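J.: Have a look at this one.
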Amino acid sequence: MTLQQFMNEAISPWMRKEGPDSDIVLSSRIRLARNFVQVPFPIVANEEDELRIYDFMRERYEHVSFQDYEDFNFLSIGELSGVEKRVLVEKHLVSPHLIEKDQASAVLISKNEQVSIMINEEDHIRIQLYFPGFQLNQALEKAFELDDWLEENVDYAFDATRGYLTSCPTNVGTGMRASVMMHLPALVLTQQINRMIPAINQLGLVVRGIYGEGSEALGNVFQISNQITLGKTEEDIVADLESVVHQLIEHERRARERLLEQSGTRLEDRIYRAYGVLEHSRIIESKEAARCISDVRLGIDLDIIKHVQQHILNELMILIQPGFLQQYAKKSLTANERDVFRATLIRERIQLDK
Amino acid sequence: MKCQECQKRPATLHLKHVINGQKREHHVCEVCAKEKGYVSSPDEGYSLHHLLTGLFNFDSVPIESQGQGSNHLQSSRDLQCDKCGLTFSQFKRSGKFGCAQCYETFSSRLDPILRRVHSGNTKHHGKIPKRRGGHLHMKKQLASYKAELKALIEQEAFEEAAVLRDKIKQVEQGIRDQEAGDDA
């Protein structure tokens, strides 16, 4: 398979579309946790209970379409190979938690991969919806429509006081986690981000690295999401998150301008060095790769590098992960082999834009 | 120093345990530390969730029940959900509920936990299921009408207020009808 073909399959179709503020915001996501009222939550459910949910979701929704989200593909986790599972996680279509259990866990994924519905994760269903760029409101609106559509056939566990009931009390109420992925290289470079994160945390929002909980901000990509799910409406939660994201965008843009003004040549040097590493290296670790990809992406956004496509960061940040590398290689690779293979893949990807 | 477990690799972790004033030291390598459970394995990570189960694990009795002997008795007996069988101490350990019913079963202990996790909030404000929450929708509508009415009266917009008052009556009737229907 050529790299072009591989990437066409590897990169979710929605990721190739550009969204508002996509120089800084890579994607917006809404996740809703929902449970069936009659069935124990997956944590205590027996196999029979879990299969009831699994079978129901499969019979009802496999190959069904909802609006633009066509032809839901039903993937049974137990039937996938290790690499296939890993790839789903690396594409953020399922959580690492889902693939840990083979029994009765599954995911429904729309053709454009904008929607994924995890089945028997921590909750019976978790609806996930992605939009490119900064489009939280649009994502929320669609997530609500999708939720209403599912509710036509499902009796949700809901309580007038506590809201949507979830296995973990950290999700109860709205069951909603809204998040945005942001590329903030200038705020990292100027070290402003260190001062901003504690302030953001105080607002009831969480800042994480690109690969979720506990991960560091590889490639200067940060995920910002709401912590509180109870006591505020979904719209208010999203509005709070939005206002913080707006401020971060502004600060990042200002920091980029200042960097360009005050140390333009040094910045240019850094960016071209990173480009050189990606273009020529034969062995590259994921950390170094992520750093270089981030620099090159900054160079593209600042119009210093002109011939490379903007979404190279989104693509490469996904492609350089172990699962993808092994899927492309069609065999399992040791860590050292991966570093070699990663360098090759990046070089080929850079060639594509020449 | 060699690892005291495998006697092969060098000891890189030096742990001190003080139990009842007695100090014990362990010198182990990283591999054995994980295998023998001296430390948690890094892929378990220290997630937000761990932090939160820590929060649930408070021994203090909620303030409202302090000084009431009966509640103390009850807490030592350990509440159990009759639908899924989860006990409150199991919940404290895992930080996860077993079923929707658990929220009812443990409701007396829930508010302090929810307050800690959700910045003082204990009540849901937000989306209501479209199909199942029919009368809840009306109640929500009613609350927003009433707030509107108050504002109109403050602005002395009495004509609009009168129109709205009729709407409120309609909704209230609707809720009564539905509740009567539910009881039947």
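J.: Which one of these does A:K111 not meet: (1) within 12 Å of chain B (Cβ to nearest Cβ); (2) open to solvent by 30 Å² or more (accessible area, probe 1.4 Å); (3) not small (G, A, S)?
T.: (1)
J.: How many residues are under 23 Å from A:M15 (Cα atoms), among the hydrophobic types (A, V, I, L, M, F, W, C) and in a loop (DSSP other than H, G, I, E, B) when one looks only at segment A:93-121?
T.: The number of residues fulfilling the criteria is 2.
Rundown of residues vs (1) open to solvent by 40 Å² or more (accessible area, probe 1.4 Å); (2) in contact with a strand residue (DSSP E or B) (Cβ under 8 Å, 6 or more places away or on another chain); (3) in contact (Cβ under 8 Å) with a residue 40 or more places away in the chain, yes/no style:
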| position | (1), (2), (3) |
| --- | --- |
| A:I271 | no, no, no |
| A:I283 | yes, no, yes |
| A:R291 | yes, no, yes |
| A:S294 | no, yes, yes |
| A:D303 | yes, no, no |
| A:K306 | yes, no, no |
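J.: Something else now. Can you find a residue in segment B:59-70 that is open to solvent by less than 40 Å² (accessible area, probe 1.4 Å), modelled with pLDDT under 70 and either under 17 Å from the mean Cα position of the chain (by Cα) or facing chain A (nearest Cβ under 7 Å) (or both)? Step through it out loud before you land on a result.
T.: Taking segment B:59-70 first, the residues open to solvent by less than 40 Å² (accessible area, probe 1.4 Å) are B:61-62, B:65.
If we keep only those that are modelled with pLDDT under 70 too, we end up with B:61-62, B:65.
In the following step, the residues that additionally are either under 17 Å from the mean Cα position of the chain (by Cα) or facing chain A (nearest Cβ under 7 Å) (or both) were identified as B:61-62.
Within segment B:59-70, one or more residues are open to solvent by less than 40 Å² (accessible area, probe 1.4 Å), modelled with pLDDT under 70 and either under 17 Å from the mean Cα position of the chain (by Cα) or facing chain A (nearest Cβ under 7 Å) (or both).
J.: Residues in segment A:207-223: is at least one under 27 Å from B:K123 (Cα atoms), assigned to a helix (DSSP H, G or I) and among the aliphatic types (A, V, I, L, M)?
T.: No; the residues of segment A:207-223 include none that is under 27 Å from B:K123 (Cα atoms), assigned to a helix (DSSP H, G or I) and among the aliphatic types (A, V, I, L, M).
J.: A follow-up question, please. Residues of segment A:172-203 being within 14 Å of chain B (Cβ to nearest Cβ), open to solvent by less than 10 Å² (accessible area, probe 1.4 Å) and either closer than 21 Å to A:Y130 by Cα or part of a loop (DSSP other than H, G, I, E, B) (or both), which ones?
T.: Result: A:V172, A:T174, A:G175, A:M176, A:A178, A:S179.
J.: Looking only at segment B:93-123, which residues are open to solvent by 20 Å² or more (accessible area, probe 1.4 Å) and either part of a loop (DSSP other than H, G, I, E, B) or aromatic (F, W, Y) (or both)?
T.: Across segment B:93-123, the qualifying residues are B:K96, B:S119, B:G120, B:N121, B:T122, B:K123.
J.: Evaluate the following for A:G231: is it closer than 21 Å to A:V244 by Cβ, within 9 Å of chain B (Cβ to nearest Cβ) and either modelled with pLDDT of 95 or more or touching a Phe, Trp or Tyr at 6+ places or on another chain (Cβ under 8 Å) (or both)?
T.: no
J.: Of the conditions (1) facing another protein chain (nearest Cβ under 9 Å); (2) at pLDDT 90 or above, B:S119 clears all except one; give me its number.
T.: Failing condition for B:S119: (2).
J.: Could you identify the single residue in B:K139, B:K127, B:K169 that is at pLDDT 85 or above and surrounded by 12 or more Cβ atoms within 10 Å (Cβ to Cβ)?
T.: Residue meeting the stated conditions: B:K127.
J.: With the requirement that a residue be open to solvent by 10 Å² or more (accessible area, probe 1.4 Å), at the interface with chain B (Cβ under 9 Å from one of its Cβ atoms) and not in a strand (DSSP E or B), what does segment A:126-164 give you?
T.: A:F144, A:D148, A:E152, A:D155, A:A160, A:T161, A:R162 - these are the residues of segment A:126-164 that are open to solvent by 10 Å² or more (accessible area, probe 1.4 Å), at the interface with chain B (Cβ under 9 Å from one of its Cβ atoms) and not in a strand (DSSP E or B).
The values are calculated or read from the model by the stated rules, or taken from the named source; none is laboratory data. For clarity, every value in this text was computed on a predicted model and none was experimentally measured. Virtual Cβ from ideal backbone geometry, glycine too; neighbours counted across all protein chains shown. Each accessible area value is taken on the protein alone, full model and side chains, heavy atoms only, with ligands, DNA and RNA left out. Shrake-Rupley method; radii C 1.70, N 1.55, O 1.52, S 1.80 Å.
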